[in-house]
1. Let me spell it out: the conditions are (1) under 19 Å from B:Ala159 (Cα atoms); (2) within 14 Å of chain B (Cβ to nearest Cβ); (3) of a type outside the set (Phe, Trp, Tyr), and A:Asp36 meets all of them except one. Which number is the exception?
2. On the given criteria, is B:Gly150 within 9 Å of chain A (Cβ to nearest Cβ) and either without any contact (Cβ under 8 Å) to a residue 12 or more places away in the chain or in contact with an Asp or Glu (Cβ under 6 Å, 6 or more places away or on another chain) (or both)?
3. Taking the criterion of being within 14 Å of another protein chain (Cβ to nearest Cβ) and part of a helix (DSSP H, G or I), would at least one residue in the range A:158-167 satisfy it?
4. Would you confirm whether any residue within the range A:176-192 is crowded, with 24+ Cβ neighbours inside 10 Å, more than 20 Å from A:Tyr12 (Cα to Cα) and in contact with a helix residue (DSSP H, G or I) (Cβ under 7 Å, 6 or more places away or on another chain)?
5. Limited to the range B:76-85, what total is found for residues that are within 12 Å of chain A (Cβ to nearest Cβ) and either in a loop (DSSP other than H, G, I, E, B) or over 19 Å from B:Pro29 (Cα atoms) (or both)?
6. Could you identify the single residue in A:Val174, A:Val186, A:Val151 that is touching a residue at least 60 places away in the same chain (Cβ under 8 Å), of a type in the set (Val, Ile, Thr) and within 14 Å of another protein chain (Cβ to nearest Cβ)?
7. Within the range B:86-119, can you find the residues that are more than 8 Å from chain A (Cβ to nearest Cβ), surrounded by fewer than 24 Cβ atoms within 10 Å (Cβ to Cβ), part of a loop (DSSP other than H, G, I, E, B) and not aliphatic (A, V, I, L, M)?
8. Among the residues of the range A:107-127 satisfying the criterion of being of a type in the set (A, V, I, L, M) and more than 7 Å from chain B (Cβ to nearest Cβ), which is farthest from A:Ala70 (Cα to Cα)?
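The values are calculated or read from the model by the stated rules, or taken from the named source; none is laboratory data. What you are looking at is a predicted structure, and each value in this text was computed from that prediction instead of being measured. Positions of Cβ are generated from backbone atoms using ideal geometry, with glycine treated the same way; all protein chains shown enter the neighbour counts.
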Amino acid sequence: MKVSKTIKQTSYRDAINSAIAAEMRRDPSVFIYGIDVADHKRIYGTTKGLLEEFGEKRCFSTPLSEEALAGFGLGTAINGLRPINVHIRVDFLLLAINQIVNMISSFHYGSIGKLNVPLVIRAIIGKGWGQSYQHSKSLHSFFAHIPGLKVIMPTTPSDAKGLLISAIRDNNPVIFLEHRFLYDVVDDVGDDNEPIEIGKSKKLTTGSDLTIVATSWMNVEAKEATDILKRKHNINIEVIDPRTIYPLDDQLIINSVKKTKHLIIADYDWINCGFSAEVATRVYEKCYGLLKSPITRLGFAKTPCPCTRPLEDVFYTNAETIIREVEKKLKLKTADLSSETFYTYENKFKGPF
Amino acid sequence: MINLNLHLEFYKKMYLIRKAEEAIIKNYPSDEMKTPMHMSMGEEAIVVGVCQALDPNSQTFGTYRSHALYLATSQDTDGFFAEMYGKKTGAVKGKGGSMHLSNPKRGLMATSAVVASTIPAAVGSAYANKYLRKDKIVAVFFGDGAIDEGVFWESLNIACLMKLPIIFICEDNGYAVHTETVKRHGYKSIVNIIKNFDCQVFSSESTDASEIYEISKKAVTFVKKEKKPVFLYFKYYRYLEHVGVNWDFDKSYRSETEFKKWFKKDPIKLQKKRLLKQEISNAQIEKVENAIANKIEKSIQKAKKSPFPANKAVFEDVFYESK
């Protein structure tokens, strides 16, 4: 049965909020908890209204005990509940790594399939306004490295909603990474609460000249670069958002590279031993001999993230970096970008949170 | 009042655990059981006493030293030995070995090789039981080494704060791996610290399963009535080395005198003495003991004959997949 749906302009933050509320209404075993989940700020508004509608039993703030709270989620999950544990910064999740990597990821395996772990860990990635080196990691490559974890990193509001619904319904542990800057992105979102399948990449733009695989916020930069490149050089770039880091759907990427013969991976992470290496290897394996240029990887500088804005601009890549790499790969002349505005979000973003 | 049947039950369970481990010691040198053994020898009364006091629907969590817990909750020597031999018929099909025994059907939800790691999962289980209005108690076993870990204090705090139906059982054998308490604790008494939490504390140095059982019964009643956690603190002596099947009194960090002091009140000897004082004859006890010895021997033979898991099993159960 197809449910008729109304499409509404919705922010990423409201899309996440509506996904959680819808799942909590649908399934009484879903609950949400974590540090300051039920405070006046409500995790940038993503948990607003949940305490009022579902009560303290299903929406509560906790002590600052990340490791115990991850294990707590595991304990509830193996007993039939569907916990959502929230972290205002992914960096704080490092305190829970023992539980995530030693217990949660291997629990189903260790129980020889007798017990399931339907646990969602939402974590927010920070950037800008002086977030510095302990409020800015993404860690998706790290989590994707561990067998037994699913890792989701949506870019658009509708993907955030549909994938979060799937994550909550999934009987496996899912790490769900949300970029702070994306919260204000507004786009069409349906009110039908339809899940989006985990493990499917998505084409954000169609083109035949070059493929960009981008993660999280880098999709915003890649799309901006694509628009400028179209205007300046009349070329068409295909931007692919994997959306799910693990399991990775590489087919869409491989098909695209077979068509364009050029690939840039713009990952929101460090390059070394990262997700960009995984994508590059899979493309080399399947597109060997077809490539017209070596694969280009863009990512964080191999340093901790600095605080001050000028250094931060060196640490991160952006639309301009992407444009220059495309020009190099396709042997185009360097376009005059002096009239273009970059860092539009950074320039309007006012911290501290 | 503990009746004779219950006394006999304690003896059977403790004897089973002790004999199973003696069989491990005997067979370990042939190198067919390739799994790091953290032996329970010495702790039998605590595990048997506590488990006997729990309702049958209770859930338990343990550590890498869980031979006693596995056997006390299930008496499943077939699954136990097959797991030690890494066989397909093992408790967890050869995926876990000695350090990761579990049997959710019998309430044993998980054990872990990383100290203190099952404690928060036990607290979460207690929350789920409360949330789902299941009249169930969770019992989580850990050693004194777990007290050194931050996650123990985080978990205890959460359980007390949320008033969860859980019993924490600290089995203090005086050593975390090879380091004695005085070299690890910047405080005098675990019990005194935990008494400041919003929970009930009971402690004992007894190696008598009956005494442990009586204390544990009180704990169960308290959790049910007061809807708050209980912390049980029991002392015992680890007879063998931290990992492995040997004595290690020649390694200088502990002395045989210490062991001898505890062995005088060995839980199995103690219980046998009690049975003999009551209406049970030596012959009757021997009959019980022989039956247990036979059961163990049969399980070992079965385990040896059982096949290893098929190669494809390595890929099974990484993720839940809808069937």
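1. (2)
2. yes
3. yes
4. No; the residues of the range A:176-192 include none that is crowded, with 24+ Cβ neighbours inside 10 Å, more than 20 Å from A:Tyr12 (Cα to Cα) and in contact with a helix residue (DSSP H, G or I) (Cβ under 7 Å, 6 or more places away or on another chain).
5. Residues in the range B:76-85 being within 12 Å of chain A (Cβ to nearest Cβ) and either in a loop (DSSP other than H, G, I, E, B) or over 19 Å from B:Pro29 (Cα atoms) (or both): 1 in total.
6. A:Val151
7. B:Gly86, B:Lys87, B:Lys88, B:Thr89, B:Gly94, B:Gly107
8. If we take residues in the range A:107-127 being of a type in the set (A, V, I, L, M) and more than 7 Å from chain B (Cβ to nearest Cβ), then A:Ile125 is farthest from A:Ala70 (Cα to Cα).
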